[in-house]
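Before any comments, here is the structure.
The values are calculated or read from the model by the stated rules, or taken from the named source; none is laboratory data. Fair warning: this is a prediction, and the values are worked out from it, not measured in the lab. Neighbour counts run over all protein chains shown; Cβ positions are idealised from the backbone, glycine included. Calculation scope for accessible area: heavy atoms of the full protein, side chains included, ligands and nucleic acids excluded. Shrake-Rupley method; radii C 1.70, N 1.55, O 1.52, S 1.80 Å.
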Amino acid sequence: MSEPLVRLLAAALFLIAMAAILQNPNVLLPMVGGGTGMVCPPFNENCNLFLNDAHEWLREQFGMNHLRSVQAVALIPIEVGLIALALNKARLAWFCLLAVFFMRLLPGVFFQFPLLNFNFYDIVFLAVFLFSKNKIFAAKVFFVLLYFASSTLKFDEGWISGDYFLTLKEGLPLVGQNVAAVVLLTNAVIVAQIFAGWALFSENKNVRVGAFVLFSIFHIYSAALVGLRFPMSTVPLLIILFAFDLQRAVPAAFKDYAGNILGGLRAKRPGLGINGFLLFMCGAVLLLQTGKILVPGNEKLSGEMSTMGLYMFEANHQCVSIVEGQKGADIQFIRQTANIFAQNRCTTWENLYTAREEFCRALPGQVNAPFDKYLFTFYSSVNGAPFYEIVAQADLCIVEYNTLGPNPWIRLDTENLTSFHAYENTYGHRGGSFGMLHFDAENDGLMHPDLTKQLDLRPIDPEDRPTLKGLNTILQVFYWLAFLGVTGLFWRSLIRAVR
């Protein structure tokens, strides 16, 4: 292989995939239900039937540690690919990386909801590397684009006013609940995501070094909240793609830059490696990240389209799911689950699916069925705002959820919805917390004494929530205009570069 940087990047992608598989074999064969926190996607709601059979067969053959056998098989193309790179067998390495791509893509798309941020990141980046003609150029552009596109998640009050972190008990790491510091830092992150990534292409060495250091600090700092899994996917790419540019002149024009770094590691097959693929992937990511605004209302409350693409740190979530049984005109409370951890996405579909798995196997009409039907109610809160009853007693076993919408039984017109105060909460973990909040219509709506005793969490009065008021709207408009302006310049430069 003639281009060492391409081989180095390919090796990094193999090792990132290896680390992801060794850390969590569920990326290859998800375990849905049973308290795992994983659910099937809406378009493949019964995926658990296949997955349960697969896990059962593997347990019969390999025992309780059956997923080790899946990991061992998955490591074969990774190991062979690394050896192929060492021997400069570009075609074999390409096909091994293609196998890794499909091992990550198929389970993630067909058996998991939502597709986790780092898995989505790995999959789309692998696609660009595999199928773009000029691999290093495409990887550099796409690396920066992913940060830029995901900035749109933060163009709301949760980030602009700092509500996301100021409604957490711990606040923002290192600055706590210092309002000025939090607002300054959250808006600095938005500005950096819109502009700073492109500085990695600057002709000025100091600007490139500054951008590189900024992204490095960002990943080190964010690891305090998200852990090491996301930096594991991004930091190696940042170093390989941009560290070698820090001491040499880099043409600013995309067209010139593309001509200086040629790709390698591509199979000589018709239809693969075309320049147009990079254009397609950039357009698809931008569409995923901006299409969420088409949901009428705050899509973060329901999760409709908000978990498509990248969605890390889009909101501080809390939610409550209630199931009731109806027999004739009588309605009886059955159970309630809740989450107060900010990192749990609290999507309507995940809570609906979990309740269906528990209550809809014994269908109404069967002999000795306890109820005629089950009713599903869902309350959701983001960034310390009140809990809103966005789903009110929907027919749990019958109601249809459309991935791309609309879902008229989910209401996001918050001004007309039943609501109760939220709690100051904590970041927690994605698995969430169940049973911490109790529904109590006679008193205060959503409450539990342990919240104030054990966790020392206080109720949030909506009037006490920090806000920039009119400035929040002004900044929202500014960020969107800046985003659209940079997007226009990006497309102009990219189309010129890939001709």
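Annotations for the structure displayed:
- Scan of the stretch 478-494 for residues that are small (Gly, Ala, Ser) and modelled with pLDDT of 90 or more, ordered by number: Ala482, Gly485, Gly488
- Inside the stretch 476-487, residues that are closer than 13 Å to Trp198 by Cβ and without any contact (Cβ under 8 Å) to a residue 60 or more places away in the chain make up a count of 1.
- Residues (at pLDDT 85 or above, more than 29 Å from the chain's Cα centre (by Cα) and of a type in the set (S, T, N, Q)) located in the stretch 356-407: none
- The stretch 292-310 - residue that is on the phi > 0 side of the Ramachandran plot and buried (at least 22 other Cβ atoms within 10 Å of the Cβ) and, of those, modelled with the lowest pLDDT: Gly309
- Among residues of the stretch 75-98 that are in contact (Cβ under 8 Å) with a residue 12 or more places away in the chain, those with a beta-carbon under 7 Å from a residue that is among the basic types (Lys, Arg) and surrounded by 15 or more Cβ atoms within 10 Å (Cβ to Cβ) at least six positions away or on a different chain give the pairs Leu85/Arg7; Trp94/Arg266.
- Cross-chain or 6+ apart pairs with Cβ under 8 Å, the stretch 263-288 first and open to solvent by 50 Å² or more (accessible area, probe 1.4 Å), then among the aromatic types (Phe, Trp, Tyr) and modelled with pLDDT of 70 or more: Arg266/Trp94; Leu272/Phe131; Ile274/Phe131
- Filter result for Glu324 (over 20 Å from the mean Cα position of the chain (by Cα), charged (D, E, K, R) and closer than 19 Å to Thr414 by Cα): no
- As for the stretch 254-277, it holds at least one residue that is in a helix (DSSP H, G or I), modelled with pLDDT under 80, more than 30 Å from Ser419 (Cα to Cα) and of a type in the set (A, V, I, L, M, F, W, C).
- Any hit, the stretch 338-349, residues being surrounded by fewer than 16 Cβ atoms within 10 Å (Cβ to Cβ), modelled with pLDDT under 85, out of contact with any Asp or Glu (no Cβ under 8 Å at 6 or more places or on another chain) and in a loop (DSSP other than H, G, I, E, B): no
- Considering the stretch 120-230, the qualifying helices (runs of 4 or more DSSP H), each wholly inside and each with 2 or more residues that are more than 25 Å from Ile460 (Cα to Cα) and either free of Cβ contacts under 8 Å to residues at least 24 places away in the same chain or open to solvent by less than 10 Å² (accessible area, probe 1.4 Å) (or both), run over 135-150, 179-195, 205-226.
- Residues in the stretch 318-337 that are open to solvent by less than 20 Å² (accessible area, probe 1.4 Å), of a type outside the set (S, T, N, Q) and in contact (Cβ under 8 Å) with a residue 60 or more places away in the chain: Cys319, Val320, Ile322, Val323.
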